[in-house]
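Some notes on the structure that comes next.
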């Protein structure tokens, strides 16, 4: 009798664990095409006007005028494994070992970063630029201050923002 209840319990546990596999698989297999240029509003904090021309993604991050906080931002782009990405920006954009480019200045409400270009090279022959996928992500954190008043970024405390496209208001 104990053996039957143990088998039944194990079968129920296996059934419960496999019930969520479909949603987990969907989460890890989703993507967004980047065609043309779009303005993306992210919650209460930032806007990213993007342009894509001549195999270059041009990114500027703007802290919304109605934001309550100064923020620090970092950017990272993804494309296919067969292409190379080259980041071109002024000295305020600095690379780090985690693959992100960090903007050294804090962004006050209503202000923007300097533009950073992500140039795509080693493009496979016959690829249409308007159907090519380039995903640019960024993360933002509120400016924090030490006891002596110097500003710093704590990347363990990212802003919790929601995604909203231009037409979703």
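Quick note: the coordinates plus some simple rules give every number you see, no bench work behind them. Small disclaimer: the values here were computed from a predicted structure and weren't measured. As a convention, Cβ positions derive from the backbone with ideal geometry for all residues, glycine included, and neighbour counts pool all protein chains shown.
Points worth noting:
- Taking label points 7 Å from Cα along the Cα-to-Cβ direction, residue 112 and residue 85 give a separation of 2.1 nm.
- Gained length - residue 157 relative to residue 55, 0.36 nm times residue gap less alpha-carbon distance: 33.4 nm
- Efficiency of FRET from Cβ geometry, residue 148 and residue 122, R₀ 45 Å, rounded to 0.05: 0.45
- Placing pseudo-labels 7 Å out from each Cα toward the beta carbon at residue 133 and residue 65 gives an inter-label distance of 3.7 nm.
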